[in-house]
1. Springs between alpha-carbon pairs under 10 angstrom, Gaussian network model over the chain: which of Ser164, Ser153, Ser109 fluctuates most?
2. Looking only at Ala56, Ala155, Ala100, which one moves most when the chain is put into a Gaussian network model with springs between Cα atoms under 10 Å?
3. Subtracting the Cα-Cα distance from 0.36 nm times the residue separation, let me have the gained length for Arg45 to Glu190 in nm, one decimal.
4. Residue-wise, which Karplus ³J(HN,Hα) couplings in Hz belong to region 4-12, taking 6.51 cos²θ - 1.76 cosθ + 1.60, θ = phi - 60°, and x for glycine or proline?
5. Taking amide hydrogens as modeled 1.01 Å from N in the peptide plane, which residues meet the under 5 Å criterion relative to Leu166, leaving out close sequence neighbours?
6. For region 88-185, what is the charge dipole size about the Cα centre, in debye to the nearest 20, if Lys and Arg each add +1 at the Cβ and Asp and Glu each add -1 at the Cβ?
7. Step through the table entries Lys152/Lys193; Lys73/Lys115; Lys69/Lys126; Lys115/Lys193, compare each Cα-Cα distance with 25 Å, and write down the pairs that go over it.
8. Can you give me the relative contact order of region 77-203 as a percent, contacts being Cα pairs under 8 Å and 6 or more apart?
Amino acid sequence: MSELSKEQIANYLKDNPDFLLQHPEVFAVMNLGATHESVASLQLRQQQVLREQNRAQQHQLQQLVAQAKQNEKVFQVFSACHRQLMRDAEFVELAAGLEALICEQLQISECKLVKFTDELQPLLDKRLEQNNHYLGRLSEQEQALIFAGQSKSAALYLIGELPSPLAILAFASEDELHFEPAQDSLFIFEFVKALQERLTALS
């Protein structure tokens, strides 16, 4: 492909006067060193673009730092949960210990470890049969099967293998975006494996 001439570029910009507004990344690196009044306006606009880019970068950095801190906290909490598995010798004790630990540290409204019964079959059929886990919203009827109150988002993890699972580990949040399908669940998946081994040993 042949290179564009300066005249072709100039004509293109004349025909597309909003090009620089649509492509601020190009505008931000232009050299506007002249002193003409219109150029001075362009320089002010360029400074504004640079400030906006800086704010966007700062916001992105803050999000990355916040996510890193959250991941570190989740890792610490589930490390403590692994230790909890070794201390409690009864299902009821284990469920109560996990509920207190996770709800307090991760600021969620409910954490439930419940033995699987026929009453929970609707959750299995609709939410857990394919992937053994579900993150998102539940209907009021589904929430009533496992939670004491209502939630805006939930996470469900099936403990054990089909067709006879051992339990369901469930979390509820009042934030509708707290649990969503795209959420990274690496730490909880590792804990679910350890929890399954522990419950198998207790059964």
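1. Ser164
2. Looking only at Ala56, Ala155, Ala100, the largest GNM fluctuation is found for Ala56.
3. Here the answer is 47.1 nm.
4. Each residue of region 4-12 in turn: 6, 7, 4, 5, 5, 5, 4, 5, 5 Hz.
5. Here Ile159, Gly160, Glu161 satisfy the definition.
6. The dipole magnitude comes to about 180 debye.
7. Working: Lys152/Lys193 27 Å; Lys73/Lys115 27 Å; Lys69/Lys126 34 Å; Lys115/Lys193 16 Å.
Exceeds cut-off: Lys152/Lys193; Lys73/Lys115; Lys69/Lys126.
8. On the way: 185 pairs, mean separation 33.2, N = 127.
Across region 77-203, relative contact order equals 26 percent.
The values are calculated or read from the model by the stated rules, or taken from the named source; none is laboratory data. The structure displayed is predicted, hence computed values, not measured ones. In this analysis, Cβ positions are derived from the backbone assuming ideal geometry, glycine residues included, and neighbour counts consider all displayed protein chains. These accessible areas exclude ligands, DNA and RNA; they are computed on the full protein's heavy atoms, side chains included. Shrake-Rupley method; radii C 1.70, N 1.55, O 1.52, S 1.80 Å.
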